[in-house]
Amino acid sequence: MQNNNKKNNQTILKKIFGILLILIGILGLFLPFLQGIVFITAGIILLGNKKLLNFSKRYYSKIKEYFKKKFRK
C-alpha cells in the first residue's frame, strides 16, 4: 500500500513539473533570455504524451521561423 501511494505521489509531481516546464517554455518564446522550445520539449517528455512530442518534433522549425520573423526588428 505504501509503495503504491509513493508511486502516485511521484506521478503527480512529474505531471506538475511537466506542466510547469511547458508554461516556462511558453514564456520563453517571448523572452529573449529563455530557450522556450527546450522547456516545452522537456515538459512534453515528462508528461509522456507521444502525440504531442511527435507534433513538436515535426513543427519545431516552422514554429521557430514564425517567431523569428514575428519578433525580428
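Read the figures in this text as sums done on the coordinates, not as results from a lab. Computed from a prediction, not measured in an experiment: that's the story for all the values here.
The table that follows gives values for the structure above.
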| read-out | value |
| --- | --- |
| Spatially proximal lysines relative to residue 69 (Cα-Cα < 23 Å; intrachain offsets below 8 disregarded) | 57 |
| Cα-based convex hull, the chain, per residue volume (Å³, whole number) | 71 |
| Approximate shape of segment 1-42 as ellipsoid semi-axes (Cα gyration tensor, √5λ), whole Å, largest first | 30, 7, 5 |
| Mean Kyte hydropathy of -1.0 or more with a Cα span along the axis of at least 18 Å, helices from DSSP in the chain | 2-30 |
